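Below is one structure, written out as structure tokens; comments come after it.
The values are calculated or read from the model by the stated rules, or taken from the named source; none is laboratory data. Given the structure is predicted, the values throughout are model-derived calculations rather than measurements. Cβ: placed from backbone, ideal geometry, glycine included. Neighbour counts: every protein chain shown.
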Amino acid sequence: MFLHEMEDPPSLATLFTRSNSRRVRLEARSRCRRGASAMGMPAGGGNQRQAVPIQPEATRLPSPRADLSRCRERPGFQGSGAFIPESAEAGSFRLSDRARSLRDRMRAFGDGAGTELALKSTAGANARLPSSTRRMVPMIHPATRVTPLPTSEPRKGASTPRTSARSDAGRMRVGFGSPAERRDILEWLEHGLRPGRAGRLAREYPILFRRNPSVFPITLFDGAEPAAFAMLWAVHVRVGVHRLRVGLVSLVYTDPALRGRGYGRRVVEAAMAQAEGLQLGLVVLWSELESFYSPLGFVRAGREDLLVLDIDSIDSAIREVGLDSPAATFTIGSLEDPDWSAIERIRSQRECQIEMNPDEFRSLRSIPDMHVRVARDATGVRGFAIRGRGDDFREVIHEWGGSPAATLECCRSLAEALGPEREILLLGPPGRSAVPWALRRNGARLIRKPLGWARLASLEALSEDLAAFLPGSAGIRLFRMDPSPAGEIRVTSDRGTARVSSRTLLHLLLGSDEPTDGMNASELRSLLAPALAPSALEPLPLPFFIWGLESI
């Protein structure tokens with residue numbers, strides 16, 4: 001969940017979802033929440049503005065069959081795990097092609113204000129790609145990238161550069177200007193989101209707060225102090241044998257003393273501009289603040305299922321599954337170090353996952369308040385289940401996999417740990433996989449809900465990605481008919497042209513938990529029939545899903 005500006009929020013953020021005709025109310029603070037959830041609420045009276053938070057997930061292993069030939073040539077994209085900004089403008093915080101004169105201009109403001117351009121090898125970041133794709137590329141590392149020109153007064157005696165006068169309020173920076181600035185901003189975030197728990201955020205989000213060329217922290221300053229913040233993580237989401245280039249936005253936060261000035265909206269728009277510059281087709285985030293994100297062009301899209309379980313329903317499902325494999329016996333235990341590699345192997349077999357390199361996935365092992373159960377037999381690890389992730393998913397099994405019998409035994413162990421009277425939730429993608437269906441047949445209640453908020457970013461990148469997913473879509477291109485994020489999209493191909501709203505296109509691609517404008521999935525697909533052949537429409541919506549360890 002995300003932090004931003006809101007008037008008089010409730011003391012507990014509540015999540016309302018539909019299960020058939022029933023509305024089910026869940027407490028988002030302690031149950032199914034994605035994001036930097038347990039944020040610190042500022043002290044004060046009833047009219048004190050407060051903030052509400054976010055969360056993450058992860059899965060990866062490169063797909064050897066995925067075609068990256070087009071992607072490798074994109075200036076903002078360097079294969080799996082490495083994203084390098086283009087030189088063209090993509091918002092006020094990006095460097096332009098005036099880079100040569102920029103260094104001279106900034107000298108007037110002192111030695112500490114310069115922008116360091118470095119030639120860095122991407123061989124390490126691209127280790128999973130064929131050697132022919134590894135090359136030296138000019139790049140500005142996130143830790144040294146400074147976005148706007150300084151607005152403070154120049155030193156005495158220095159020539160005044162010819163820049164437009166503007167207030168120091170609202171200065172934007174992508175990345176951290178120095179190790180000291182990184183430390184100060186992280187302390188400021190922790191004071192607001194995890195008060196009294198120094199180092200907690202970095203432990204909960206190890207991928208985001210380590211040196212990573214795919215992570216872009218965005219800070220808006222008011223004077224010399226941070227005022228608002230957002231984090232962008234550029235990822236590959238592998239769906240089947242193809243990839244979507246996606247940006248995940250997290251930790252959107254505005255200082256309580258500076259709310260009401262639009263700073264939260266500015267950092268979100270800055271993250272969107274950065275995503276477009278990085279050639280990411282979609283941006284996804286998690287929040288219950290519809291009044292904030294809907295006007296910014298975000299749409300609730302995608303699908304996820306929550307099952308409400310108790311020990312009786314799990315036991316019944318175990319007995320049912322055991323009829324198919326009566327000889328199966330497992331030892332259920334807590335996580336041991338060698339088990340993490342086995343979990344990574346099981347996760348790699350999923351239809352949809354975020355690709356992570358081995359170091360990134362290993363770093364998730366140290367996330368605090370994560371309860372893991374592993375089922376073993378004589379051959380090794382046969383299944384796993386994970387509940388909790390820092391302050392999020394406290395009563396939710398958000399990662400699971402392996403043989404159905406082994407997975408259910410792990411779920412039972414996690415449910416027992418909560419207590420016999422407590423319910424536990426199981427999060428997963430929609431569909432008829434063995435574990436959820438066995439539980440549903442034995443009394444588990446189903447809650448269907450949208451995956452999160454989504455918004456279109458680079459239509460050029462999305463067009464290229466969709467061409468690989470949709471057979472018979474030769475020449476597919478997407479164009480905005482107006483500059484509004486929620487505006488109409490023109491879809492063209494060698495076959496013809498169609499027009500749909502951004503909301504409809506997102507629901508077509510990612511799915512929706514309820515009808516869109518009164519139309520079901522088949523009727524939505526017919527809107528694109530003038531541009532795409534039936535064979536190209538058949539895969540829609542894509543089986544897009546983000547698991548608990550992957551969400552931020």
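So, in segment 185-216, exactly how many residues are within 23 Å of ARG245 (Cβ to Cβ) and in a loop (DSSP other than H, G, I, E, B)? Residues flagged as within 23 Å of ARG245 (Cβ to Cβ) and in a loop (DSSP other than H, G, I, E, B) within segment 185-216 amount to 10.
Looking at segment 518-534, which of its residues are crowded, with 22+ Cβ neighbours inside 10 Å and assigned to a helix (DSSP H, G or I)? Scanning segment 518-534 gives a single hit, LEU524.
Looking for something more than 22 Å from PRO430 (Cβ to Cβ), part of a helix (DSSP H, G or I) and touching a Gly at 6+ places or on another chain (Cβ under 8 Å) - is there at least one such residue anywhere in segment 503-517?
Among the residues of segment 503-517, not one is more than 22 Å from PRO430 (Cβ to Cβ), part of a helix (DSSP H, G or I) and touching a Gly at 6+ places or on another chain (Cβ under 8 Å), which makes the answer no.
Do we have any residue at all in segment 431-445 that's out of contact with any strand residue (DSSP E or B) (no Cβ under 7 Å at 6 or more places or on another chain) and over 30 Å from GLY333 (Cα atoms)? Checked against the condition, which is being out of contact with any strand residue (DSSP E or B) (no Cβ under 7 Å at 6 or more places or on another chain) and over 30 Å from GLY333 (Cα atoms), segment 431-445 yields no hits at all.
Within segment 264-282, is even one residue under 20 Å from CYS352 (Cα atoms), of a type in the set (A, V, I, L, M, F, W, C) and not assigned by TED's automatic domain parsing to the domain that holds ARG445? Checked segment 264-282: at least one residue is under 20 Å from CYS352 (Cα atoms), of a type in the set (A, V, I, L, M, F, W, C) and not assigned by TED's automatic domain parsing to the domain that holds ARG445.
Once segment 236-260 is narrowed to residues that are touching a residue at least 24 places away in the same chain (Cβ under 8 Å) and not in a strand (DSSP E or B), the residue that is surrounded by the fewest Cβ atoms within 10 Å (Cβ to Cβ) is GLY260.
The condition of being basic (Lys, Arg) and in contact with a Gly (Cβ under 8 Å, 6 or more places away or on another chain) holds for only one of ARG490, ARG445, ARG480, that being ARG480. Selection of segment 387-427 for residues being on the phi > 0 side of the Ramachandran plot, in contact (Cβ under 8 Å) with a residue 60 or more places away in the chain and touching a helix residue (DSSP H, G or I) at 6+ places or on another chain (Cβ under 6 Å) yields only GLY390.
Can we say LEU248 is within 30 Å of ALA434 (Cα to Cα) and in the same structural domain as GLU225 (by TED's automatic domain parsing)? Taking the combined requirement at face value, the residue satisfies it. Among the residues of segment 224-235, are any without any contact (Cβ under 8 Å) to a residue 60 or more places away in the chain and surrounded by fewer than 18 Cβ atoms within 10 Å (Cβ to Cβ)? Checked segment 224-235: at least one residue is without any contact (Cβ under 8 Å) to a residue 60 or more places away in the chain and surrounded by fewer than 18 Cβ atoms within 10 Å (Cβ to Cβ).
Please tell me if SER463 is outside any strand (DSSP E or B), modelled with pLDDT under 95 and not assigned by TED's automatic domain parsing to the domain that holds ALA275. In short, no. Taking the condition assigned to a loop (DSSP other than H, G, I, E, B), under 23 Å from GLU269 (Cα atoms) and in contact with a helix residue (DSSP H, G or I) (Cβ under 9 Å, 6 or more places away or on another chain), does PRO471 pass? No: the conditions fail for PRO471. Can you confirm whether segment 418-425 contains a residue that is outside any helix (DSSP H, G or I) and in contact with a Lys or Arg (Cβ under 6 Å, 6 or more places away or on another chain)? No - not one qualifying residue is present in segment 418-425. From the list TYR263, TYR253, the one residue that fits, being at pLDDT 95 or above, touching a helix residue (DSSP H, G or I) at 6+ places or on another chain (Cβ under 7 Å), more than 30 Å from ARG350 (Cβ to Cβ) and not basic (Lys, Arg), is TYR253.
For the residues GLY388, GLY401, the requirement of being more than 24 Å from SER316 (Cβ to Cβ) and either of a type in the set (Gly, Ala, Ser) or part of a strand (DSSP E or B) (or both) singles out GLY388.
Hey, any hits in segment 264-272 for a residue that's assigned to a loop (DSSP other than H, G, I, E, B), under 18 Å from the mean Cα position of the chain (by Cα) and of a type in the set (Asp, Glu)? No, every residue in segment 264-272 fails to be assigned to a loop (DSSP other than H, G, I, E, B), under 18 Å from the mean Cα position of the chain (by Cα) and of a type in the set (Asp, Glu). If the condition is being buried (at least 17 other Cβ atoms within 10 Å of the Cβ) and of a type outside the set (A, V, I, L, M, F, W, C), then segment 500-516 contributes SER501, SER502, ARG503, THR504, HIS507, GLY511, SER512, ASP513, THR516. What about SER325, is it at pLDDT 95 or above, polar (S, T, N, Q) and either more than 14 Å from VAL435 (Cα to Cα) or part of a loop (DSSP other than H, G, I, E, B) (or both)? So SER325 does not fit the description; no. Answer yes or no as to whether ARG373 is at pLDDT below 95, in contact with a strand residue (DSSP E or B) (Cβ under 8 Å, 6 or more places away or on another chain) and not in a helix (DSSP H, G or I). Answer is no for this residue. For residues in segment 466-491 being β-branched (Val, Ile, Thr) and at pLDDT 95 or above, which is farthest from PRO534 (Cα to Cα)? The residue in question is ILE489.
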